[in-house]
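The values are calculated or read from the model by the stated rules, or taken from the named source; none is laboratory data. Since this is a predicted model, take the numbers as computed values, not measurements. We place every Cβ from the backbone using ideal geometry, glycine too, and count neighbours over all the protein chains shown. The area values use the complete protein model at the heavy-atom level, side chains included, leaving out ligands, DNA and RNA. Shrake-Rupley method; radii C 1.70, N 1.55, O 1.52, S 1.80 Å.
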Amino acid sequence: KLKVYGDATILINSTNLKVEFDEGVIDQKNFLFQSEKDVELYDFSNNIKINSKKIIYNKSDNILRSSSKSIITDIFGNRSIADSFTYEINNNLFKIKNLDFYDKEDNNLKLSLAYLNTKTNNLYGKDVAVNLKDENLKINKDNNPRLRGNSVVNNDSFTEIKKGIFTLCKKRDNCPPWEISAKTILHDKKKK
């Protein structure tokens, strides 16, 4: 085991990863690397940056994990805040618990469980709440366009919600005065 302290950087050439951190442990016997405190990880293959307090990388199965709150940003301007995640690098797949996702237009998706494909940029999840920032839907300043549903598929072109509910009404303690429910709700981001 090699313990590292101070302003450190490790390059993992086999996966095109760069990790900057303050404290870390390299366990060559078990093929593990653990970094703590102010960790910044760059996945150059997928143009992803991860900020976290603790990251564990297992070289034998090529999986990156964090049980700490982490921020994942991508080249498209999307920002994901996760309570914890597992990143299967070989499969280009993040498995995320309690995701708070903001796209480049600041639309917000909250999911209890999410899967993010880093190659297709598709986001899949369950127990979804979506807060839209679409100014075309804000007929007046009190409108709060939002969706809720059982599951979601989201990418740069559309957001599709299954068993969903949509309303524009202002958020309040009581139920909104009106809402639309459907088996499938599709938000076309390009056509707005």
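Those residues that are open to solvent by less than 40 Å² (accessible area, probe 1.4 Å), of a type in the set (A, V, I, L, M) and modelled with pLDDT under 90, I need them from region 116-148; list them, please. The answer is VAL130, LEU132, LEU147. For PHE44, are the conditions met, namely being open to solvent by less than 40 Å² (accessible area, probe 1.4 Å) and of a type outside the set (S, T, N, Q)? When the stated conditions are applied, PHE44 does not pass them. Quick check on region 169-180. Is at least one of its residues modelled with pLDDT of 85 or more, assigned to a strand (DSSP E or B) and either open to solvent by less than 20 Å² (accessible area, probe 1.4 Å) or within 26 Å of LEU41 (Cα to Cα) (or both)? No, the conditions are met nowhere in region 169-180.
For region 17-32, the criterion of being farther than 17 Å from LEU2 by Cα, in contact with a strand residue (DSSP E or B) (Cβ under 9 Å, 6 or more places away or on another chain) and either at pLDDT 95 or above or not small (Gly, Ala, Ser) (or both) is satisfied by at least one residue. Among residues of region 145-159 that are farther than 16 Å from LYS190 by Cα and outside any loop (DSSP other than H, G, I, E, B), those with a Cβ under 7 angstrom from a residue that is polar (S, T, N, Q) and open to solvent by 40 Å² or more (accessible area, probe 1.4 Å), sequence gap 6+ or separate chain, pair up as ARG146/ASN131.
Check region 32-39 and report whether any residue there is crowded, with 16+ Cβ neighbours inside 10 Å, among the aromatic types (Phe, Trp, Tyr) and closer than 26 Å to ILE81 by Cβ. The answer is yes; a qualifying residue exists.
Open to solvent by less than 50 Å² (accessible area, probe 1.4 Å) and touching a residue at least 60 places away in the same chain (Cβ under 8 Å) - does that describe any residue in region 50-72? Scanning region 50-72, I find no residue that is open to solvent by less than 50 Å² (accessible area, probe 1.4 Å) and touching a residue at least 60 places away in the same chain (Cβ under 8 Å), so the answer is no. Counting only residues that are under 18 Å from LYS53 (Cα atoms) and either under 25 Å from the mean Cα position of the chain (by Cα) or open to solvent by less than 80 Å² (accessible area, probe 1.4 Å) (or both), region 1-25 holds 14 of them. In summary, strands (runs of 3 or more DSSP E) completely within region 1-48 and bearing 2 or more residues that are under 18 Å from LYS69 (Cα atoms) occur at 17-27, 32-43.
Name the residue that is nearest to the chain's Cα centre (by Cα), counting only residues in region 63-92 that are within 29 Å of LYS191 (Cβ to Cβ) and assigned to a strand (DSSP E or B). Ranking the candidates gives SER80 first.
Taken over region 80-115, the criterion of being exposed (fewer than 15 other Cβ atoms within 10 Å of the Cβ) and among the basic types (Lys, Arg) is satisfied by LYS97, LYS104.
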